[in-house]
Amino acid sequence: MRTDLFMTVIVMYCCMCSSIHAQISIHGKIVDIETNDPVIGANIRIDNSLAGCSTNSEGEFNINNLSSGKHTLSITHLSYEPLSITADNEQKELDIRMHESYMNIGQVVVTGTGTHHRMTDSPVPAAVITSKDLNNSGISTLDEALQKLTPSFSSMTNGMGTTLSLNGLPDNYFIFLLNGKRMSGDDTYSRINIQHVKRIEILNGASSALYGTNAIGGVINIISDDAKNAVSISSNTHYANKGRLVSSVNADIAEREFGSYTSYQRQEADSWQLSPFEEINNALKATNKIASSGFHSDNITQRFTFDPTDKLSFYLRGGYYNNKTSRPQDVYSYDMLHTTYSYGIGSKYMINKNTYITADYYADYFISTYCFFKDDAKNSALKGDEQVRKRTRFHDATIKGIFNVNSWNKISVGTEYMFDILKSQTDNINKESAYTIALFAQDEIRITRSLQALLGLRYLYHENFKNYATPNVALMYKLNHLNFRGSYATGFRTPTLSEMYATDIAKTIDRITIGNTNLKPEKSDYFSFNTEYTHSRFAVSVNLFYNKIRDMIDYNTIAQGDEASKQYGYKEVRQRDNIARARVKGISLSANGYIGAGFSINIGLSHLNTLDMATKKPIDKSIKNAATIGALWRHTWNKYQLNANITGRINSKRYSKTYGYAPAYQLWDLNTRYSFHLKSIILEPGAGIENLFNYIDDRPYNSNYATLSPGRSFYISFSIKFKS
């Protein structure tokens with residue numbers, strides 16, 4: 001028996017060695033067909049392989065570890081038409097020429113289906129923000145990108161901070177992914193280094209069949225820009241008024257089978273007021289309280305890759321993030337410190353050209369701490385004390401397989417295991433945990449050349465809520481340049497451990513809020529219809545949708561007055577319960593086009609009709625109308641390029657059931673960027689003005705602020721990129 005086993009191992013080893021020794025490399029250069037200038041940053045992917053790379057500053061590329069024989073190269077770039085060519089062993093050096101494209105119609109997306117599709121071919125539509133959009137708009141953070149470049153997002157800001165909303169639903173109803181992997185923790189979108197982002201894919205609407213809990217309102221998938229050049233190093237700095245600094249360094253090194261991708265980002269900001277007054281008992285009184293807290297943060301990520309063949313790849317990644325506020329000591333007694341540690345490991349194996357399997361594990365550790373800089377009797381703390389407010393741990397393991405059964409069926413199947421842990425000193429939670437096991441399957445069916453369908457189902461078992469299933473279905477019909485899409489999807493959200501076990505005490509108003517271990521999952525039904533027209537010079541997309549949410553968790557008053565004081569020691573007692581229902585009806589429109597002479601424009605419009613069915617009022621933190629507008633002019637002189645961009649964000653009133661309505665507003669920015677291409681180095685200084693018309697919401701402290709903008713601000717930026 002041992003001899004047979006030994007011989008089997010020897011045979012497998014010999015086969016692997018034979019495969020490795022038979023490997024070849026493909027080299028080449030990509031240039032603009034009209035100007036003969038190198039095309040920098042073009043992505044090259046080998047069909048039926050995991051291999052790929054991007055071009056350096058000379059337009060050159062080199063792909064190693066390929067098996068001998070013919071290979072089809074799929075080449076894409078944000079500014080050029082997609083291209084496919086075939087190469088074999090005899091072609092030592094490829095000379096490839098690309099046609100410039102006015103529209104990014106060749107963009108590949110993965111979020112809608114979990115598999116790769118060109119945007120115009122995906123049965124589930126996804127909006128995309130590219131790295132070019134981010135650079136042209138002078139964007140420095142993820143939440144800024146989502147609000148300035150798409151009308152679907154809005155934010156609510158008050159003395160406690162900022163909360164994002166997507167299509168009228170707050171951020172606990174949508175999820176963030178990093179390269180398709182779920183993120184966790186309270187500082188999710190603050191941990192994204194926007195200078196290391198290749199694109200942001202936004203999936204509007206329920207998608208729990210594919211992505212599980214919390215995907216009621218949508219999914220945001222951040223795809224990182226991990227260049228597979230021999231060496232790629234970049235440094236980016238952005239500085240604006242009020243001490244707002246964002247600075248990052250990225251270093252990517254790839255050498256044959258091995259790759260290392262390192263990113264560091266530092267962020268800082270001063271505190272500022274919007275008004276020197278606060279309202280107390282209907283009277284204005286002077287205050288030193290701040291609308292926006294100063295802070296500093298550090299964000300480090302590291303990823304290692306090992307690709308022994310073009311059919312097999314491994315990765316190991318880790319991250320560290322901390323964010324500490326810097327609040328005025330004459331007003332406050334403590335700062336907040338948030339710390340996150342994360343790590344992950346995974347692999348991808350292509351069995352044959354029709355089948356590949358992925359396995360991923362990810363862990364996230366989050367700690368929130370009070371750091372007292374003076375005595376605080378309310379919290380029984382002395383100067384120098386640190387009190388851990390909350391600790392969370394999140395583990396996620398996924399195995400997924402993609403099977404191209406035939407030319408008209410692509411099946412995705414997989415299983416996922418999630419495990420949450422919560423500890424909270426302030427809520428007297430020693431340790432609570434819950435696990436979820438899920439099975440999911442999806443079939444992409446090409447019925448005819450013009451008609452395709454998608455069917456999906458996720459079945460899960462939750463430790464506390466037992467069995468649940470979420471289906472989805474989508475249809476897409478292509479007619480020349482027109483796409484018609486219709487879909488139905490269900491969403492669900494399991495109650496968090498905090499909602500089940502935490503106790504919140506508001507001493508100033510003598511109120512206590514208690515958890516509820518009998519909570520049920522929230523559920524939704526989402527319907528949408530999308531029409532899209534694409535042309536070589538412009539594209540228009542219209543999306544109609546309806547989202548109905550059931551068993552929403554809200555506060556239920558269970559005792560008041562003397563009875564509450566006698567039993568709980570507070571005048572009001574609330575408990576979280578599944579007492580609310582809501583619905584969102586909406587229409588969104590996006591249009592972008594190239595006018596000529598270097599000018600292009602883009603417009604996004606969103607109209608929402610939200611309703612909390614219990615109160616007959618809008619959903620908390622929702623807005624009715626929003627618009628984003630952008631106008632770009634670009635011109636190139638030999639090795640120098642100028643980009644001048646105007647962006648605008650227009651918001652209608654935003655509703656808050658606690659504070660009432662925030663006023664309507666509009667913010668306009670002017671951004672300029674100057675690119676100098678010097679062989680292997682690209683220099684890009686930039687300058688601009690944020691909030692051109694100096695809009696400030698200067699109502700008293702802790703109002704439902706329309707925006708926290710401190711007014712007209714000037715910024716400068718500088719980036720240097722090296723690729724070889």
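Restricting region 127-144 to residues that are of a type in the set (A, V, I, L, M) and open to solvent by less than 20 Å² (accessible area, probe 1.4 Å), which is farthest from residue 239 (Cα to Cα)? Once the filter is applied, the top-ranked residue is 129. Among the residues of region 361-406, those identified as part of a strand (DSSP E or B), modelled with pLDDT under 95 and of a type in the set (Asp, Glu) are 364, 376, 386.
Taking region 657-684 as the range and being free of Cβ contacts under 8 Å to residues at least 40 places away in the same chain and open to solvent by less than 40 Å² (accessible area, probe 1.4 Å) as the test, the residues that pass are 672, 675. Those helices (runs of 4 or more DSSP H) of region 101-218 in which 3 or more residues are among the hydrophobic types (A, V, I, L, M, F, W, C), touching a residue at least 24 places away in the same chain (Cβ under 8 Å) and within 20 Å of residue 690 (Cα to Cα) occupy 142-149. One residue alone among 60, 81 is of a type in the set (Asp, Glu), open to solvent by 70 Å² or more (accessible area, probe 1.4 Å) and at pLDDT 85 or above, and that residue is 60. Within the option set 210, 274, 203, being crowded, with 20+ Cβ neighbours inside 10 Å and within 12 Å of the chain's Cα centre (by Cα) holds for one residue only, 203. Can you work out which of the residues in region 361-408 that are over 30 Å from residue 334 (Cβ atoms), free of Cβ contacts under 8 Å to residues at least 40 places away in the same chain and more than 29 Å from the chain's Cα centre (by Cα) is most open to solvent (accessible area, probe 1.4 Å)? Checked region 361-408; the qualifying residue most open to solvent (accessible area, probe 1.4 Å) is 408.
Residue 559 meets the conditions (1) open to solvent by 40 Å² or more (accessible area, probe 1.4 Å); (2) in contact with a helix residue (DSSP H, G or I) (Cβ under 7 Å, 6 or more places away or on another chain); (3) among the hydrophobic types (A, V, I, L, M, F, W, C) in every case but one. The failed one is (1). Scanning region 318-360 for residues that are of a type in the set (D, E, K, R), surrounded by 15 or more Cβ atoms within 10 Å (Cβ to Cβ) and either over 30 Å from residue 405 (Cα atoms) or free of Cβ contacts under 8 Å to residues at least 40 places away in the same chain (or both) turns up 324, 327, 335.
Under the condition of being of a type in the set (S, T, N, Q), in contact with a Phe, Trp or Tyr (Cβ under 7 Å, 6 or more places away or on another chain) and crowded, with 17+ Cβ neighbours inside 10 Å, the residues counted in region 535-556 number 1. Confirm whether residue 421 is over 26 Å from residue 319 (Cβ atoms) and either outside any strand (DSSP E or B) or at pLDDT 90 or above (or both). So residue 421 does not fit the description; no. Across region 591-621, the qualifying residues are those that are aliphatic (A, V, I, L, M) and more than 14 Å from residue 166 (Cα to Cα), and the one among them that is farthest from the chain's Cα centre (by Cα) is 597. Among the residues of region 145-157 satisfying the criterion of being open to solvent by less than 20 Å² (accessible area, probe 1.4 Å) and either closer than 25 Å to residue 702 by Cβ or aliphatic (A, V, I, L, M) (or both), which is modelled with the lowest pLDDT? Among those that are open to solvent by less than 20 Å² (accessible area, probe 1.4 Å) and either closer than 25 Å to residue 702 by Cβ or aliphatic (A, V, I, L, M) (or both), it is 157. Name the residue, out of 295, 314, 306, that is assigned to a strand (DSSP E or B), of a type in the set (A, V, I, L, M, F, W, C) and either within 30 Å of residue 382 (Cβ to Cβ) or out of contact with any Phe, Trp or Tyr (no Cβ under 7 Å at 6 or more places or on another chain) (or both). Checking each option against the conditions leaves just 295. Just one of the numbered conditions (1) surrounded by fewer than 20 Cβ atoms within 10 Å (Cβ to Cβ); (2) in contact with a Phe, Trp or Tyr (Cβ under 9 Å, 6 or more places away or on another chain); (3) at pLDDT below 90 is not true of residue 572: (2). Checked against (1) open to solvent by less than 60 Å² (accessible area, probe 1.4 Å); (2) hydrophobic (A, V, I, L, M, F, W, C); (3) closer than 30 Å to residue 419 by Cα, residue 439 passes all but a single condition, namely (1). Within region 519-534, the set of residues being open to solvent by 60 Å² or more (accessible area, probe 1.4 Å), assigned to a strand (DSSP E or B) and more than 30 Å from residue 600 (Cα to Cα) comprises just one member, 527. Considering every residue within region 510-518, establish whether at least one is touching a helix residue (DSSP H, G or I) at 6+ places or on another chain (Cβ under 9 Å), farther than 22 Å from residue 185 by Cα, open to solvent by 60 Å² or more (accessible area, probe 1.4 Å) and assigned to a loop (DSSP other than H, G, I, E, B). For region 510-518, residues touching a helix residue (DSSP H, G or I) at 6+ places or on another chain (Cβ under 9 Å), farther than 22 Å from residue 185 by Cα, open to solvent by 60 Å² or more (accessible area, probe 1.4 Å) and assigned to a loop (DSSP other than H, G, I, E, B): present.
When region 176-200 is limited to residues that are out of contact with any Gly (no Cβ under 8 Å at 6 or more places or on another chain) and more than 27 Å from residue 41 (Cβ to Cβ), the one that is surrounded by the fewest Cβ atoms within 10 Å (Cβ to Cβ) turns out to be 186. Of all the residues in region 623-656, those that are open to solvent by 30 Å² or more (accessible area, probe 1.4 Å) and under 14 Å from residue 147 (Cα atoms) number 3. What pairs come up if the first residue lies in region 691-710 and is of a type in the set (S, T, N, Q) and modelled with pLDDT of 95 or more, the second is in a strand (DSSP E or B) and open to solvent by 30 Å² or more (accessible area, probe 1.4 Å), and their beta carbons are under 8 Å apart, counting only those six or more places apart or on different chains? Here the result reads 691/667; 691/668, each pair linking region 691-710 to a residue that is in a strand (DSSP E or B) and open to solvent by 30 Å² or more (accessible area, probe 1.4 Å). Across region 329-357, the number of residues qualifying as over 30 Å from residue 376 (Cβ atoms) and in contact with a Phe, Trp or Tyr (Cβ under 8 Å, 6 or more places away or on another chain) comes to 13.
Candidates in region 261-289 are the residues that are at pLDDT below 90 and of a type outside the set (D, E, K, R); of these, the one that is nearest to residue 247 (Cα to Cα) is 280.
The values are calculated or read from the model by the stated rules, or taken from the named source; none is laboratory data. Worth saying up front: this structure is predicted, and the values here are computed from it rather than measured. Note: ideal-geometry Cβ built from the backbone for every residue, glycine included; neighbour counts use all protein chains shown. The area values use the complete protein model at the heavy-atom level, side chains included, leaving out ligands, DNA and RNA. Shrake-Rupley method; radii C 1.70, N 1.55, O 1.52, S 1.80 Å.
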